[in-house]
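For reference, the structure discussed in these notes is given below.
The values are calculated or read from the model by the stated rules, or taken from the named source; none is laboratory data. Source: prediction; values computed, not measured. Here Cβ is always computed from backbone atoms with ideal geometry, including for glycine, and neighbour counts include all displayed protein chains. These area figures cover heavy atoms from the full protein model, side chains too; ligands, DNA and RNA do not enter into them. Shrake-Rupley method; radii C 1.70, N 1.55, O 1.52, S 1.80 Å.
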Amino acid sequence: MANIIEVLDNMQGAPGLRTPLVDSEGFPRDDVDLFEARKLRNQHACLQTDHQNLMKELEKAMYALQQVYQSMGLKDEKEDKPKGGDQIAQNTASAPVDAEMAGSKGQEEKIPFVWIHDVAKGSPAEQDGFKIGDAICRFGGVTHKMGDTAMQ
């Protein structure tokens with residue numbers, strides 16, 4: 001998606017994602033390849049929709065996995081022994097946060113519920129800096145509280 005934005009911003013007339021493709025009188029701009037700009041904007045919109053749908057599927061899968069762990073009485077082995085990348089998670093998990101206080105200050109509880117056990121070479125996770133042992137406190141709308149509430 002970033003490549004599409006870059007192309008739109010750097011093509012003749014720099015139409016970007018939101019700049020109007022018509023002039024002040026409502027006529028098509030002559031400094032922009034309208035066909036190419038509309039095609040790229042459409043591709044970006046489709047990719048953005050696909051990304052949102054994929055994130056929803058991942059949230060549901062993580063919720064389902066958490067439900068399986070809870071129903072079997074399993075605990076993640078990292079939960080008791082955080083190390084390395086889990087240092088932040090250990091610090092935030094050991095210091096309870098009052099929900100009212102967190103809401104009033106705009107802070108959020110940071111209690112991990114997933115730990116990274118594997119990162120494939122060359123994967124987007126590796127490119128974004130994920131390491132084995134990292135703790136996940138929030139994924140989209142999924143948090144540690146999701147075990148207490150139903151997914152909608």
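Below, the figures for the structure above:
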read-out: Matching option when the condition is in a helix (DSSP H, G or I), out of contact with any Leu (no Cβ under 7 Å at 6 or more places or on another chain) and modelled with pLDDT of 90 or more, among Lys56, Lys39, Lys60; value: Lys39
read-out: Close pairs (9 angstrom Cβ cut-off, 6 or more residues apart or separate chains): open to solvent by 70 Å² or more (accessible area, probe 1.4 Å) in the stretch 52-63, modelled with pLDDT under 85 anywhere; value: Lys56/Gly140; Lys56/Gly141; Leu58/Phe139; Leu58/Gly140; Leu58/Val142; Lys60/Val142; Lys60/Met151
read-out: Selection within the stretch 1-45 - on the phi > 0 side of the Ramachandran plot and more than 31 Å from the chain's Cα centre (by Cα); value: Gly13, Gly26
read-out: Among the candidates Glu100, Glu77, residue that is in a loop (DSSP other than H, G, I, E, B) and modelled with pLDDT under 60; value: Glu77
read-out: Residue among Asp148, Asp118, Asp134 that is modelled with pLDDT of 75 or more and over 17 Å from the mean Cα position of the chain (by Cα); value: Asp118
